[in-house]
1. What list of ³J(HN,Hα) values in whole Hz, one per residue of the stretch 70-75 in order, does the Karplus curve 6.51 cos²θ - 1.76 cosθ + 1.60 (θ = phi - 60°) give from phi, with Gly and Pro shown as x?
2. Over the Cα atoms, compute the radius of gyration (one decimal) and Dmax (the largest Cα-Cα distance, rounded to a whole number) for the stretch 31-96, in Å.
Amino acid sequence: MASSDLALTRARRAYERAYILAGLRGLAIAAGVTVLAVGLHRVTSTGWLFAALLAATLGALGWRGGAWKRGAFAGLIAGLPPLVVPSIVFAMTTGGHCTGCAGAAEWPCLLSCFVTSSLVGLVVGHRASTDASPRLYASAAIVTASLTGLLGCGTTGLGGALGVVIGLIAGGVTGWVVADRSAHV
């Protein structure tokens, strides 16, 4: 084997190894976020499904690289407020540990899911508009932010889950439109 072929083979292996490691980092981060969700919320079988989907998504998008990877990890960060805020709201309204919003704490929890998701959606939409590949970035960010937020707000039931998804999409589109208009002014 010629030295140029050997160098090419080594470069290809290093390239592939970097992508595989990025995917494995995504899996490790998803495991850490799942541990956080278990500590904060009552995790049901649906919550475990969201955790598995988050791990698969972060692993795949991390491995894919580029705008997919940038958006996936930005979405993960954006999904942390909807994961954490409902447990804070629940503790403030009931004085207890978040075991699932029910009764008097249901509406404040649902509103906190929607409001925090909308706010981080605005940030994701704005940031996506400045990326080199805004559509790929936004797609990856909204998917991972939704899955991360659903680990927390999904414990409130369908209302909390819809609050996260609708809030992120509405906020993301609004942030994208506002950023696009300010760029043309």
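1. These are the phi-based 3J(HN,Hα) values: 4, x, 4, 6, 5, x Hz.
2. Expressed in Å, the Cα Rg and Dmax of the stretch 31-96 come to 13.7, 44.
Readers should treat all values here as calculations from the given coordinates under stated rules, not as data from a laboratory. All values derive from a computational prediction rather than experimental measurement.
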